[in-house]
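Q: First the structure, then my questions, so here it is.
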């Protein structure tokens, strides 16, 4: 298939034709969670966004090495260079070892990702497992002259780096504005400039997580982990780096500076950033106190929720917006996604029952082309979904004998829905399975047989009662010449 994929590169601020560095091999690095609490909707969005991209690139035939890290050390409070490590603080409050906290919340995160049908990355490194690589990278930056040691800590010299490079190349920020807007804070006097950031921090006596280094017993700066681990697993220059828009500055900006200083080249060809999920226009997040955990969404146990929502409903809700657009949370939007999902799966279930004719009244090949065009336009999942619902309309129209479809087009339509709904969008049915599913089918078959017998005996009152009672359960009965069938309604 001809390469038509265009993606919006944050670095160039425009859509570019995707041309991998070493096709068909692609290196993709995505910033994963800091595991000190339950995953919430804000964690779901980047996971689902880059899962979609991973799935589509794989579908196109690329061999993708997808690296998604876990931050388990060095991420301090307020995303700054001062304060307590977020995981160490949680461990102190709960009277646990820091790695107990990491393991507990990592397990819960992975469980939530499985529920959302997010594929596992190729590699999932932890910051604490790559201390040696981070120390070695700090050494290279010091040797290049872009860092300095101060009281056992090592800081990146932003002002010196900016003389020959551009600290702000990704975010568009100017160092002059940073100077004007940055004030000296207590505890930052050991820096040359307040906007310099830590590559290595000397641990205070009470700090639990610490490692020996040439400068002090301490721990790496938050930005250092991603530079070191992406270089280790993907090389000094790789294809895609992704993450949430909130990481663009200072995290990703600092990653670029570190990598350029150490390796003398831009680390990433294409930078991709997903936008935020908001509640009444305000970002949802733990620090703002308005986060709803994924477990709460799945159980409905939160005052902001009117009901429980399934993991695939959450996934579908997120995919209904383009990854670079904001999504404003509301129960109405989630309930609409739930209804749309049911309609989609009901149509897919009908596909196997469609009977082919000699010719088609709809252009199925053109529909398939539109689906690829949508994904090739910067992974435009909402346009893809709109095209799939045009397919739903066609399926329902054929089922109602208002349209016809040829045998060849029917096979194309089946493959289209299988490829785009299940393999690329990563949606899946959430019906009961195994014995429970057999029991439901058996019970409804028995009920429909009783109803058919009542109709045969001209006992239309009983037949109507059965139809009405099932209707109250959102089960719709359809009478055809071949007999009665049932489906879950919208």
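Please treat every number below as a calculation from the coordinates, not as lab data. All values derive from a computational prediction rather than experimental measurement. In this analysis, Cβ positions are derived from the backbone assuming ideal geometry, glycine residues included, and neighbour counts consider all displayed protein chains.
Q: Can you tell me how the range 146-289 classifies by the Cα gyration tensor, rounded, prolate or oblate, using a/c under 1.5 as the rounded cut? Mind showing how you got there, number by number?
A: Values: a/c = 1.34, a/b = 1.18, b/c = 1.13.
Note, shape of the range 146-289 comes out rounded.
Q: Let me make sure I get this right: for the range 20-274, a, b and c are the square roots of the gyration tensor eigenvalues over alpha carbons, sorted descending. Under 1.5 in a/c it's rounded, otherwise prolate if a/b > b/c, else oblate. Which is it? Before the final figure, lay out each step's value.
A: Values: a/c = 1.74, a/b = 1.19, b/c = 1.46.
Oblate.
Q: Here's a follow-up. Can you give the angle from 0 to 90° between the axis of helix 41-59 and the longest principal axis of the chain, with both taken from C-alpha atoms, to the nearest 10?
A: With rounding to tens, the tilt is 70 degrees.
Q: Which angle between 0 and 90 degrees, to the nearest 10, do you get for helix 364-376 versus the longest principal axis of the chain when only C-alpha atoms count?
A: Here the helix axis deviates by roughly 20 degrees.
Q: How far apart, in nanometres, would the label points at residue 192 and residue 100 be if each is projected 7 angstrom from Cα along the Cα-to-Cβ direction?
A: 4.4 nm
Q: Could you give the Stokes-Einstein D for the range 100-143 in µm² per second, using the C-alpha Kirkwood radius, 37 °C, 0.692 mPa s?
A: Values: Rh = 12.8 Å.
Result for D is 256 µm²/s.
Q: On to the next question. Can you give me the angle between helix 131-143 and the longest principal axis of the chain, using Cα atoms only, in degrees from 0 to 90, rounded to the nearest 10?
A: 50 degrees
Q: At 7 Å along the Cα-to-beta-carbon direction for both residue 390 and residue 336, put a label point, then send me their distance in nm to one decimal.
A: 2.1 nm
Q: Can you tell me the equivalent ellipsoid semi-axes for the chain? Use √(5λ) from the Cα gyration tensor, largest first, whole Å. All intermediate terms of the calculation are to be shown ahead of the outcome.
A: On the way: eigenvalues 537, 136, 61 Å².
Taking √(5λ) for each Cα gyration eigenvalue gives 52, 26, 17 Å.
Q: Sticking with this structure for a sec: Tell me, how many Å apart are the Cα centres for the range 106-175 and for the range 240-301?
A: 14 Å
Q: Take the alpha-carbon positions of the range 1-92, form their convex hull, and give its projected area averaged over all directions (one quarter of the hull surface) in nm².
A: Values: hull surface 31.5 nm².
If you wrap the Cα atoms of the range 1-92 in a convex hull and average its projections, you get 7.9 nm².
Q: Evaluate the distance, in nm, between pseudo-label points positioned 7 Å from the Cα of residue 19 and of residue 467 along their respective Cα→Cβ axes.
A: 6.4 nm
Q: Residue separation times 0.36 nm, minus the C-alpha to C-alpha distance between residue 355 and residue 136: what's the value? Walk me through the intermediate numbers first.
A: On the way: separation 219, 0.36 × 219 = 78.84 nm, distance 6.51 nm.
Value of the extension gain: 72.3 nm.
Q: Run lengths n ≥ 4 of DSSP H only: what is the helix-derived mean residue ellipticity at 222 nm for the chain, with -39500 (n - 2.57) per run over all residues, to the nearest 500? Provide the component values of the computation, followed by the final result.
A: Details: 16 runs with 212 residues, N = 490.
That comes out to -14000 deg cm²/dmol.
Q: Here is a follow-up. Antiparallel DSSP bridges in the chain: what percent, to the nearest 5? Mind dumping the intermediate values first?
A: On the way: 26 of 48 bridges.
Roughly 55 percent of the beta bridges in the chain run antiparallel, per DSSP.
Q: In addition: Please say if the range 204-288 is rounded, prolate or oblate, where rounded means a/c under 1.5 for a ≥ b ≥ c the square roots of the C-alpha gyration tensor eigenvalues, and otherwise the choice is prolate for a/b larger than b/c and oblate otherwise?
A: Working: a/c = 2.88, a/b = 1.17, b/c = 2.47.
Oblate is the answer for the range 204-288, as a/c is 1.5 or above yet b/c matches or exceeds a/b.
Q: Right, next: Take the range 279-424, drop everything but the C-alpha atoms, weight them equally and run the Debye formula without solvent; then report log10 I(q)/I(0) at 0.12, 0.15, 0.16, 0.20 Å⁻¹ to two decimals.
A: Here log10 of I(q) over I(0) equals -0.59, -0.82, -0.89, -1.18.
Q: Mean separation of Cα pairs under 8 Å and 6+ residues apart, divided by the residue count of the chain: what relative contact order is that in percent? Spell out each step's value before the answer.
A: On the way: 728 pairs, mean separation 76.8, N = 490.
With pairs under 8 Å counted, the relative contact order is 16 percent.
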